[in-house]
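What follows is calculated from the coordinates using simple rules that are stated; it is not laboratory data. Quantities reported herein were computed from a predicted structural model and do not represent experimental measurements. With ideal geometry, Cβ positions are generated from the backbone for all residues, glycine too; neighbour counts draw on all protein chains shown.
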Amino acid sequence: MMEIHREKLCLLGVGGFIGSHLLKRLLDSDRYEICGLDVASSKISKYIDHPRFTFKRINVDNTDAVRKIVEWSDTVVSLVAICNPAEYNQIPLDVIDINFVRPLELVEMCVELDKRLIHFSTSEIYGKTIQGMAGDGLKDPEAEEHYILKEDESPLIMGPISAQRWSYAAAKQLLERVIYAHGHAGNLDYTIIRPLNFVGARMDYIPGVDGDGVPRVLACFMEALLFDKPLQLVDGGAARRCFTAIDDAIDAIEKVIERPDASRNQIFHFGNPDNECTIEELAYLMIDLYKELRPHIEHKEYEVVSVPSENFYGEGYEDCDRRVPDISKAKSLLDWYPETNLRDSMRVAVQSFIEYYGDKDQRSLNGVDPTREAVNGSLV
Ligand code: NAD
Ligand code: UGA
């Protein structure tokens, strides 16, 4: 019998939002044997016994265990992070440890063991825009060169050290610089991915139901809609984001894995520049979709309120005002372009939360639903 040669992939952070979607997609193909590492597994429980998948419940601070997995693999995909903004100014040392110190060890292992590395960075490394910094000081604030971000050209602009919001972005930026330097010296075959606000099923958690703290904006607004709370706009919701459907994003990531030559030593934006909106617009879009998707329940007037960032996130928070990606490199090298518009991207995301978190009449934020792990654990 002919032996099938499968590429050995290790996914560090396989149990998270992106990791769970990527795992599902990669297991649909017969080409890969996958070893996944995470401290959490509820989002991938359906795949734990899959014959081409091995799950290791390991913390990345266990260097010896991580090394064994890296030794086994052909390609390393690095997703582990603390990536909820509420934590950047609250637990900055943990944020720097998980987003810089641990992945630095991983980069060094990949160099030493000659492994291909696909590393997840962030569009947050751009920080604020020149336009945002200059206020009214720019002659033509709408000129594209002030806000369209280019992977290999745009400056990275962050606030002062006391604004600890930037702990995540600074950690991710320094790691990119290390990876780039190794690549430049000819020591490392890498691809850096800068995602822009992916949205979809299994993103984060609902506070008090299956997690604690402040999740990213999708889950914050879904909590408000499902549990009759006001949707809170931080500092009025004027910040802008480009929301990207997770399925479009996974198409792009799969292309990176499949095309090592085209993606070697490149940095890519994966985001949808056509899906830009303010957070205030997002709130009203989600209210509209929620009503559309739940026609059979009685809808009250959903409340939208503005809250100062200091009250919402605490001291040390600053925001990225705007980030619109140039994605021409992904188009030319990977033949990738996101296809899902903003409304459709958000519809899929809102629908998935309604399905996961069920009927607010039957579930309560006061107690964890006993069926919750089973619901969250199954992949849709
Ligand atoms: P996520 O929080 O859903 O996933 C991160 C995973 O890392 C979680 O499953 C968590 O359990 C795991 N993890 C955390 N600490 C760990 C530790 N010490 N040991 C082992 N596992 C640990 O995040 P995500 O949205 O899937 O993001 C994945 C990557 O992409 C991150 O590097 C993030 O910075 C980057 N990113 C994501 C987005 C986005 O839109 N989702 C945007 C920009 C960047
Ligand atoms: C996120 C996170 O830093 C990372 O997951 C990721 O690296 C990065 O996006 C990225 O895509 O590169 P951010 O977009 O600020 O950063 O995260 P959200 O928490 O989703 O916030 C988006 C905007 O909504 C911010 O302006 C925030 O202040 C606002 N917000 C959030 C509200 O107005 N209300 C809320 O209830 C929650």
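Of note:
- Within the range 278-296, the residues that satisfy the criterion of being within 14 Å of A219 (Cα to Cα) and under 21 Å from the mean Cα position of the chain (by Cα) are I279, L282, A283, M286.
- L342 aliphatic (A, V, I, L, M) and either more than 19 Å from the chain's Cα centre (by Cα) or surrounded by fewer than 17 Cβ atoms within 10 Å (Cβ to Cβ) (or both): no
- Of residues in the range 23-32 being not basic (K, R) and not in a strand (DSSP E or B), the one nearest to ligand 1 (Cβ to nearest atom): L23
- Residue pairs whose Cβ atoms lie under 6 Å apart, sitting 6 or more positions apart in sequence or on different chains, and linking a residue in the range 10-22 that is part of a strand (DSSP E or B) to a partner that is more than 16 Å from ligand 2 (Cβ to nearest atom) and polar (S, T, N, Q), are C10/S73.
- Every test in (1) crowded, with 18+ Cβ neighbours inside 10 Å; (2) not in a loop (DSSP other than H, G, I, E, B); (3) not basic (K, R) is passed by V305 save one, and that test is (1).
- Number of the exception - H299 against (1) within 16 Å of ligand 2 (Cβ to nearest atom); (2) assigned to a loop (DSSP other than H, G, I, E, B); (3) touching a Lys or Arg at 6+ places or on another chain (Cβ under 7 Å); (4) more than 23 Å from Y88 (Cβ to Cβ): (1)
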